[in-house]
1. Would you tally the residues in region 334-383 being of a type in the set (F, W, Y), within 16 Å of ligand 1 (Cβ to nearest atom) and more than 17 Å from D106 (Cα to Cα)?
2. Is there any pair linking a residue in region 225-253 that is open to solvent by 10 Å² or more (accessible area, probe 1.4 Å) to one that is more than 7 Å from ligand 1 (Cβ to nearest atom) and modelled with pLDDT under 95, with Cβ under 9 Å and at least six apart or on different chains, and which?
3. Could we say that P194 is more than 16 Å from ligand 1 (Cβ to nearest atom), on the phi < 0 side of the Ramachandran plot, at pLDDT 95 or above and buried (at least 24 other Cβ atoms within 10 Å of the Cβ) here?
4. Away from ligand 1 (no atom under 16 Å from the Cβ) and aliphatic (A, V, I, L, M), is that true of V279?
5. Filter region 450-474 for residues that are surrounded by fewer than 16 Cβ atoms within 10 Å (Cβ to Cβ) and either outside any loop (DSSP other than H, G, I, E, B) or in contact (Cβ under 8 Å) with a residue 40 or more places away in the chain (or both) and give the result.
6. Can you find a residue in region 24-35 that is open to solvent by 50 Å² or more (accessible area, probe 1.4 Å) and within 16 Å of ligand 2 (Cβ to nearest atom)?
7. Scanning for something open to solvent by less than 10 Å² (accessible area, probe 1.4 Å), of a type in the set (G, A, S), outside any loop (DSSP other than H, G, I, E, B) and more than 16 Å from ligand 2 (Cβ to nearest atom), does region 47-62 turn up at least one residue?
8. Inside region 265-285, can you point out the residues that are touching a Phe, Trp or Tyr at 6+ places or on another chain (Cβ under 7 Å), closer than 16 Å to A435 by Cα and aliphatic (A, V, I, L, M)?
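The values are calculated or read from the model by the stated rules, or taken from the named source; none is laboratory data. Since the structure is predicted, the reported quantities are computational estimates derived from the model, not experimental observations. Cβ placement follows ideal geometry from the backbone for every residue including glycine, while neighbour counts extend to all protein chains displayed. Please note that ligands, DNA and RNA were not included when accessible areas were found on the heavy atoms of the full protein model with its side chains. Shrake-Rupley method; radii C 1.70, N 1.55, O 1.52, S 1.80 Å.
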Amino acid sequence: MSLTQTIELPNGVKYEQPLGLFINNEWVNSVDGGSFEVINPTTEKVITSVQEASEKDVDIAVKAARAAFEGEWSQVTPQDRGRYLNNLADLFEKNRLLLASVEALDNGKAVSEAQGDVQAAANVFRYYGGWADKVHGKVIDTAPGKFNYTKQEPVGVCGQIIPWNFPILMWSWKIGPAIATGNVVIIKSAEQTPLSALVAATLIKEAGFPPGVINVISGLGRVAGAAISAHMDIDKVAFTGSTPVGRMIMKAAANSNLKKVTLELGGKSPNIVFDDANVDDAISWVNFGIFFNHGQVCCAGSRIYVQEGIYDKFVEAFKARITKNVVGDPFHPETFQGPQVSQLQFDRVMSYIEHGKQEGAKIECGGGRHGTSGYFIQPTIFSNVTEDMKIMQEEIFGPVASIAKFKTLDDAIRIGNNTTFGLASAVHTTSLATAIDVSNRLKAGTVWINTYNALHHQLPFGGYKESGIGRELGKAALANYTQTKTVCINLAGGKD
Ligand code: NAI
Ligand code: MG
């Protein structure tokens, strides 16, 4: 089987696309010779085929990771772990256009957006590179003649399963904190978008990582993903994706070796606009909140609640605003919204739009396919959406905004919290008292005030309720990848 293919992109970037599995700092073939096709969502055409990891390949990667963890990697100083992560950050910046172009090809997001993702990934590596030599325990006094301390030790071999909406960024969110704290990883990309993870893997050896520390595989969720979740020698699994798969992963962990589990799952986040908001600003944030990345964002502001005094004006102005969202080829410099990632996602989103129409929500604009080929969907706004409608309760993960009117602050809190999810939320107001009151009462891992999708590598991110377990980014993510060892020394000898 072929291990690389030359690919030329519409913007003139030409490169060698790796196709194999990256295990032990080497490109290898899948044991059973499995492979799957990679589709360009803009053209619906096959780009190439990558090798598919089976359960056997996962096992080989786990053995390589285990050997590194018990061997060479355990001898690397925290400072050097930080150095390698900084090297990786440099290499990401050096290869920013390449990585971003591959992302645009495979995922469909605009190259300019993808360049932002690559830079954000480099920032994550640099941030966690800084943490590598700053993770330490405590001395805890219990009695004279005793000496007790804690150490923060790595969890061990970590399986990491990432989604297709931010392939390269999720790669960094997972790898950064795991490596900083001395773990080793096997990371599986999503089957819709395996290409950028493989290109990123070409930088691992150059950054200085010893063999087996970071292993990168392509594979199907139900095969390689399931094998990772059930593996008896994987100590921890970290997952970003849908809530149903998150449940399956927890079950697999429970039924195998009780590996530690962190989950970053779906959302249906409320974006609440009060009468006293700066309406122009609020519209910009509401627009960005739901249409950024084609609506394929776990924290998308998909439930838009507007107070009755400005509701009609808001809906009209929002409709006018979205005509400026350029939908088209991700390689075109003006493009804001590209295609949905796959035929399946296109069909899912279109079926939600049909539900919205049938359930009686008012369609303000969009509601159909954009163009004749590629998985493009028109930016769509539904108004007069009620709480019982599917489009107000379920994660659509597409360019579909659902708007409803509310009267009082208490109403806003009640409907804002009327969801099984709790990933993010936002409030738009010029009153500090309203902003703080609402932010205290919303049950969500993040509350944005007069902004949206403001993610930053220093700020913890994760879900309340069914949106997940654990926090990524910031210092908080270090807890996902460390365990506390307590050491008690009896200095005085003898018994108490
Ligand atoms: P998914 O949850 O099936 O896929 C995410 C990752 O999980 C992929 O790497 C996939 O290979 C893996 N996976 C799938 N089945 C698995 C299994 N049985 N065991 C272990 N790993 C498995 O999500 P999908 O089907 O691509 O998208 C469906 C919906 O999920 C979307 O419409 C969206 O609502 C939500 N989603 C949420 C994301 C987030 O950022 N929180 C990202 C992607 C999807
Ligand atoms: Mg693709």
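1. Kept after step one, since they are of a type in the set (F, W, Y), are these residues of region 334-383: 336, 346, 352, 375-376, 382.
With within 16 Å of ligand 1 (Cβ to nearest atom) added as a condition, the list becomes 346, 352, 375.
If we keep only those that are more than 17 Å from D106 (Cα to Cα) too, we end up with 352.
Total meeting the criteria: 1.
2. No pair meets every condition.
3. Working: more than 16 Å from ligand 1 (Cβ to nearest atom): no; on the phi < 0 side of the Ramachandran plot: yes; at pLDDT 95 or above: yes; buried (at least 24 other Cβ atoms within 10 Å of the Cβ): yes.
No; evaluated as a whole, the condition is false for this residue.
4. Values: away from ligand 1 (no atom under 16 Å from the Cβ): yes; aliphatic (A, V, I, L, M): yes.
Criteria met by V279.
5. Correct list: T451, Q458.
6. In the first step, residues of region 24-35 are kept if they are open to solvent by 50 Å² or more (accessible area, probe 1.4 Å); the result is 24, 26-27, 29, 31-32, 35.
Then drop every residue that is not within 16 Å of ligand 2 (Cβ to nearest atom), which leaves 35.
Yes, region 24-35 contains at least one residue that is open to solvent by 50 Å² or more (accessible area, probe 1.4 Å) and within 16 Å of ligand 2 (Cβ to nearest atom).
7. Within region 47-62, one or more residues are open to solvent by less than 10 Å² (accessible area, probe 1.4 Å), of a type in the set (G, A, S), outside any loop (DSSP other than H, G, I, E, B) and more than 16 Å from ligand 2 (Cβ to nearest atom).
8. At the first step, the residues of region 265-285 found to be touching a Phe, Trp or Tyr at 6+ places or on another chain (Cβ under 7 Å) are 266-268, 270-273, 279, 283, 285.
Add one more test, that the residue is closer than 16 Å to A435 by Cα, and what stays is 270-273, 279, 285.
Listed by number, the residues that qualify are I272, V273, V279.
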